[in-house]
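Undergrad: If you scroll down you'll find the structure; I have some questions about it.
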Amino acid sequence: MIPTIIAPASGALPAGVCVVRASGPAAGRVLDELAGGRPPPRRAVLRGVRDRAGGLIDRALILWFPAPASFTGEDCAEVHLHGGKAVVEAFLTAALTIEGVALAPPGGFTRRAFDNGRMDLSAAEGLADLIEAETEAQRLQAVRQMDGALGRAADAWRDTLIDALAEAEADIDFPDEDLPPGLGTRARRRIETLADTLRAHLAASEAARHVRDGLRVAIIGPPNAGKSSLLNALAGREAAIVSPIPGTTRDVVEVRLNLDGALVWVADTAGLREAADQIEAEGVRRALARAEEADLRVALVDDPADAEKVKPLIQKGDLMVLSKADRDERATPDGFDLAVSTKTGRGLSDLLRVLSDRAAAAAAQSVAAPLTRLRHVEAVRDALDALSRALHAPGEAGELIAEDLRLAARALGRITGRVDVENVLDRLFGQFCIGK
Ligand SMILES: Nc1nc2c(ncn2[C@@H]2O[C@H](COP(=O)(O)OP(=O)(O)O)[C@@H](O)[C@H]2O)c(=O)[nH]1
Ligand SMILES: [Mg+2]
């Protein structure tokens with residue numbers, strides 16, 4: 001028999017209220033045995049909740065959602081207890097004495113919703129992202145994905161392919177004597193349009209992942225340029241150690257900023273120079289690696305003459321910034337985007353504005369159904385590879401074309417979890433919190 005899972009679904013205790021959720025065939029029995037029976041479906045009622053010996057645990061609101069019209073598609077019960085640790089503990093202890101009831105694993109409820117066809121895999125991922133969302137941009141992107149935007153797009157793309165496939169197969173089975181063999185013009189045009197759409201989604205996927213994972217910024221520059229001071233000033237706290245001794249920062253220190261609703265990670269790095277010891281050398285190596293993988297580098301120098309030293313490390317769109325701009329009131333020198341001072345605050349709001357604009361641009365670039373995870377990107381890339389093979393196959397290769405179209409449809413089916421899903425499920429649902 002399927003176990004009935006139970007877990008607190010709301011946040012850390014103590015709290016005003018704690019929602020405990022149960023799903024599975026014995027969910028109704030939890031209410032029968034501990035809460036005086038099942039109320040009418042989807043109606044909140046106030047009841048005394050009692051342990052097996054009849055002792056009062058709490059007074060609680062209870063709800064009953066019979067299958068299939070529930071979050072998981074199974075019988076579900078909710079008990080809104082007062083959020084005291086001992087209250088919740090006593091209730092769970094009592095519930096776990098009921099046969100077939102077990103504690104839910106992480107993501108257990110959502111996994112059942114997926115297994116019962118209540119949501120596709122991309123929607124489940126959207127829900128996980130929504131729960132994790134800390135910024136407005138993350139929330140917007142996640143709620144759309146949870147609402148099915150990506151799932152619907154992936155299904156539509158797949159339908160286009162299946163239609164084209166039907167046509168290609170008809171051509172194989174009943175070749176038209178008057179036409180050259182291979183993809184018909186209509187099918188070819190449809191596949192070309194689809195390939196364009198997929199390419200546009202791939203192009204926008206980096207922006208979508210910036211929204212989800214945050215824009216990654218690295219501050220780089222020679223020792224003592226004021227990198228750690230700048231990080232602390234941006235963070236508004238002492239995240240990194242500041243000292244006049246060059247070579248103080250040895251590891252990458254990262255802070256996250258919520259800039260106008262967008263997530264930005266700023267990393268402070270070890271100063272780039274010939275290292276004095278092995279630990280510092282490792283710090284420099286990490287600094288270079290972090291700078292390389294960042295979306296944006298802020299090259300910081302306190303002497304314009306040092307600009308040449310950092311130039312080889314920066315890329316198009318990166319920022320050249322002069323630090324310690326309190327020492328004289330010079331205008332921003334040629335070749336620099338900004339001059340900042342952590343002592344007087346000069347230029348700091350301008351720098352934050354640039355970072356927030358970059359992050360917002362990333363959010364705005366997103367298409368209606370963004371590919372937010374590497375998993376989606378890989379599926380679309382595989383589909384595109386198969387499509388370009390199909391489009392470039394020689395005319396007589398009808399069977400091969402059909403096979404490539406099938407492969408492309410299969411790759412797109414992975415986005416929603418319609419095919420090839422087993423290997424991702426445990427990993428995905430394992431990342432959820434308990435009670436979700
Ligand atoms: N005058 C002035 N000194 C600064 C400023 N920012 C940092 N410093 C000083 O520069 C030295 C090195 O700073 P730090 O942030 O550790 O530099 P890092 O090695 O690049 O991380 C410290 O003595 C700081 O007090 C600034 O805006 N103005
Ligand atoms: Mg430092």
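The values are calculated or read from the model by the stated rules, or taken from the named source; none is laboratory data. Note that this is a predicted model, so its numbers are computed, not measured. Positions of Cβ are generated from backbone atoms using ideal geometry, with glycine treated the same way; all protein chains shown enter the neighbour counts. For the accessible areas, the whole protein counts, side chains as well, though only heavy atoms, and no ligand, DNA or RNA atoms are used. Shrake-Rupley method; radii C 1.70, N 1.55, O 1.52, S 1.80 Å.
Undergrad: Normalise the Debye intensity by I(0) for the stretch 1-130, one equal point scatterer per Cα, no solvent, then take log10 at q = 0.17, 0.19, 0.20 Å⁻¹ and round to two decimals.
TA: -0.85, -1.05, -1.15
Undergrad: Considering the chain, what Rg and Dmax in Å follow from its alpha-carbon atoms?
TA: For the chain, the Cα radius of gyration and maximum Cα-Cα distance read 28.5, 85 Å.
Undergrad: Which of the aspartates and glutamates could a cross-linker span from LYS343 if the Cα-Cα distance has to be under 15 Å and same-chain partners fewer than 8 positions apart are dropped?
TA: The qualifying aspartates and glutamates are GLU238, ASP302, ASP326, ASP328, GLU329.
Undergrad: Additional query: By a straight-distance test (C-alpha under 23 Å), which lysines pair with LYS316 as possible cross-link partners, with residues fewer than eight away in the same chain excluded?
TA: Cross-link targets: LYS227.
Undergrad: Rank these residues by their accessible area, most exposed first, probe 1.4 Å: ARG152, ARG47, ARG290.
TA: If we order ARG152, ARG47, ARG290 from most to least accessible, we get ARG152, ARG47, ARG290.
Undergrad: Same structure, new question: How would you order 401-411, 227-237, 93-103 from highest to lowest mean count of nearby Cβ atoms within 10 Å? List each step's numbers first, then the result.
TA: Details: 401-411: 22.8, 227-237: 20.8, 93-103: 15.7.
Peptide ranking by packing, descending: 401-411, 227-237, 93-103.
Undergrad: Run the 1.4 Å probe and let me know the accessible area of GLU282, rounded to the nearest 10 Å².
TA: In the full protein context, GLU282 sits at about 60 Å².
Undergrad: Which whole-number percent gives the relative contact order of the chain, counting Cα pairs below 8 Å spaced six or more residues apart? Let's see the in-between values first.
TA: Values: 834 pairs, mean separation 76.7, N = 436.
About 18 percent, as a whole number.
Undergrad: Another question, then. Which order do the peptides 188-200, 214-226 take when ranked by the mean count of other beta-carbon atoms within 10 Å per residue, highest first? Write out the running numbers ahead of the final one.
TA: Details: 188-200: 15.8, 214-226: 23.6.
Ranking the peptides 188-200, 214-226 by packing returns 214-226, 188-200.
Undergrad: Let's see if you can work this out: charge +1 on each Lys and Arg Cβ, -1 on each Asp and Glu Cβ, no other charges. What is the dipole magnitude of the chain about its Cα centre, in debye to the nearest 20? Don't skip to the end; give the middle numbers.
TA: Numbers: 54 positive and 65 negative charges, 365 e Å.
For the chain, the charge dipole is close to 1760 debye.
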